[in-house]
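Enquirer: A single structure is presented below for examination.
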Amino acid sequence: MNWEHINLALLEIEEKLRDCHVYDNAPPFYFVIGAPRSGTTLLTQLLAYCFDFGYITNLAARFWLNPVLGIKFSKEVLGGDVTPSFDSKYANTRNVSDIHEFGRFWMSHLGLSSAQDVDWMVPDKENASLTLRALRAIQSEFNKPIVMKGIYPAYVYEWMNDNFDIRWINIWRDPLETCLSILEARRKKERSKNKWFGWHIPDVDRWRIVSDNPYREIINQVDYFQEVYGDMADVTISLESLCKDTEFVLSYAVDGYEMKQVPPELEYKHKSLCSQEGEKFREALRTV
């Protein structure tokens, strides 16, 4: 099934749906940010599950050019009170009712040709107007706070803050454990420790991150995103504390909203820092 053709064929219906919306008193966005393999998917799932927040399902994400239509269709098919599971693999969730990163929406509206084509930027006039109208329509359709991963929105951080009510929630994980997890993902998902895994470094900074040594490169990647997202965030929480005291940490992260569901019990699994791979990361640090 060619979803791009379907999206293009539905644009006229989407426009009519948007014309029916009222755009006053827009609810806030909660954008989850953090280095790859630090728990961004889990945190987004927890916020969507525990609070009365809107989120983009895997079904709605099929309609990336027609988000209002996609949200309406998702509500009609799945029901209005869907809840996400906590099942994911390398940020990909399986069920149609689970959370989706909505990457194709952000790429198409911000004018990005690929996931690698990123930089810290301000969208041009045409893309800014397109993105603004689409996000306002999404807010109006949900008519309640919305939680999303903020990886793509973070590339236009200042523009987003100028136009929307946003709370940026950063999740932090022990840097060495994060490095080990990214290395594991490179090997299992990309089939090579030398292939990049995770969100991409903006062009302006890429030269100082890439390295012939994959261990050094992963260290650079984690250090870069932890610093950048730490500066962006309104609040930073740790993955370990989220797993150990879930209800308290979630309430702290959103501040002011009551939970509709009690969070599940979580277990924090430490990576073996004394492993052979852990020592290779330490060696890469010593040779800087």
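Nothing in this text is a laboratory measurement; each read-out follows from the coordinates by a stated rule. Not measured: the values here are computed from a predicted model. Positions of Cβ are backbone-derived with ideal geometry, glycine not excepted, and every protein chain shown enters the neighbour counts.
Enquirer: Note the angle between two axes, namely the Cα long axis of helix 40-50 and the longest principal axis of the Cα atoms of the chain, as a number of degrees from 0 to 90, rounded to the nearest 10.
Expert: Taking the Cα atoms of the chain, the angle to 40-50 is about 40 degrees.
Enquirer: Amide H to amide H under 5 Å from Trp172: which residues, 5+ apart in sequence or cross-chain, H placed 1.01 Å off N in plane?
Expert: Residues meeting the criterion, in which the H sits 1.01 Å from N, are Ile237, Ser238, Leu239.
Enquirer: Where both partners of a DSSP beta bridge lie in the chain, what percent of those bridges are antiparallel, to the nearest 5?
Expert: Taking every DSSP beta bridge within the chain, about 20 percent pair in antiparallel fashion.
Enquirer: Can you give me the angle between helix 214-232 and the longest principal axis of the chain, using Cα atoms only, in degrees from 0 to 90, rounded to the nearest 10?
Expert: Once rounded, the angle reads 50 degrees.
Enquirer: Order of Cys50, Cys179 from fewest to most other C-beta atoms within 10 Å?
Expert: Cys50, Cys179
Enquirer: In which sequence would Ser140, Ser272, Ser85 go, from the one with the fewest C-beta neighbours within 10 Å to the one with the most?
Expert: Details: Ser140 18, Ser272 10, Ser85 13.
With the sparsest Cβ surroundings first, the list reads Ser272, Ser85, Ser140.
Enquirer: Considering the zone a paramagnetic label at Val204 would reach in this model (a point 7 Å from Cα along the Cα-to-Cβ line), which residues of segment 99-137 have amide N under 14 Å from it?
Expert: 118-123
Enquirer: Largest first and in whole Å, what are the equivalent-ellipsoid semi-axes of segment 201-288 based on the Cα gyration tensor, each being the root of 5 times an eigenvalue?
Expert: 33, 20, 9
Enquirer: So how far apart, in nm, are the two label points at His21 and Asp212 if each is 7 Å from Cα heading toward Cβ?
Expert: Between His21 and Asp212, the simple spin-label model gives 5.1 nm.
Enquirer: So what's the gap between the Cα centers of segment 1-56 and segment 245-271, to the nearest angstrom?
Expert: With segment 1-56 and segment 245-271 each reduced to a Cα centre, they are spaced 22 Å.
Enquirer: In nm, give the distance between the simple-model label positions of Tyr252 and Phe86, each being 7 Å from the Cα along the Cα-to-Cβ direction.
Expert: Inter-label distance under the simple model: 1.8 nm.
Enquirer: Right, here's the next one. What residues of segment 93-123 lie in the reach of a label at Asn161, counting those whose backbone N is under 16 Å from a point 7 Å from the Cα along Cα→Cβ?
Expert: 120-123
Enquirer: Where the only charges are on Cβ atoms (+1 Lys, Arg; -1 Asp, Glu), what is the dipole of the chain about its Cα centre, to the nearest 20 debye?
Expert: Around 980 debye, computed over the chain.
Enquirer: Right, something else. According to the Cα gyration tensor, what semi-axes, each the square root of 5 times an eigenvalue, does the equivalent ellipsoid of segment 157-231 have, listed from largest to smallest in whole Å?
Expert: 26, 14, 11
Enquirer: For Glu227 and Glu265, calculate 0.36 nm times their separation in residues minus their Cα-Cα distance, and state this gained length in nm to one decimal. Don't skip to the end; give the middle numbers.
Expert: Values: separation 38, 0.36 × 38 = 13.68 nm, distance 2.95 nm.
Contour length minus the Cα-Cα distance gives 10.7 nm.
Enquirer: Order these by the 10 Å Cβ neighbour count, fewest first: Lys89, Lys269.
Expert: The fewest-first ordering by Cβ neighbours comes to Lys269, Lys89.
Enquirer: Another question, then. Which log10 I(q)/I(0) values does segment 101-249 give at q = 0.14, 0.18, 0.19 Å⁻¹ under the Debye formula, counting every alpha carbon as one identical point scatterer?
Expert: -0.81, -1.22, -1.30
Enquirer: Efficiency by 1/(1 + (r/R0)^6): what FRET value for Val77 and Asp245, r their Cβ-Cβ distance, R0 = 25 Å, to the nearest 0.05?
Expert: The formula returns an efficiency of 0.10 here.
Enquirer: Picking from Phe225, Val262, Asn170, whose Cα lies most toward the positive end of the charge dipole for segment 137-288 (charges on Cβ: Lys, Arg +1; Asp, Glu -1)?
Expert: Phe225
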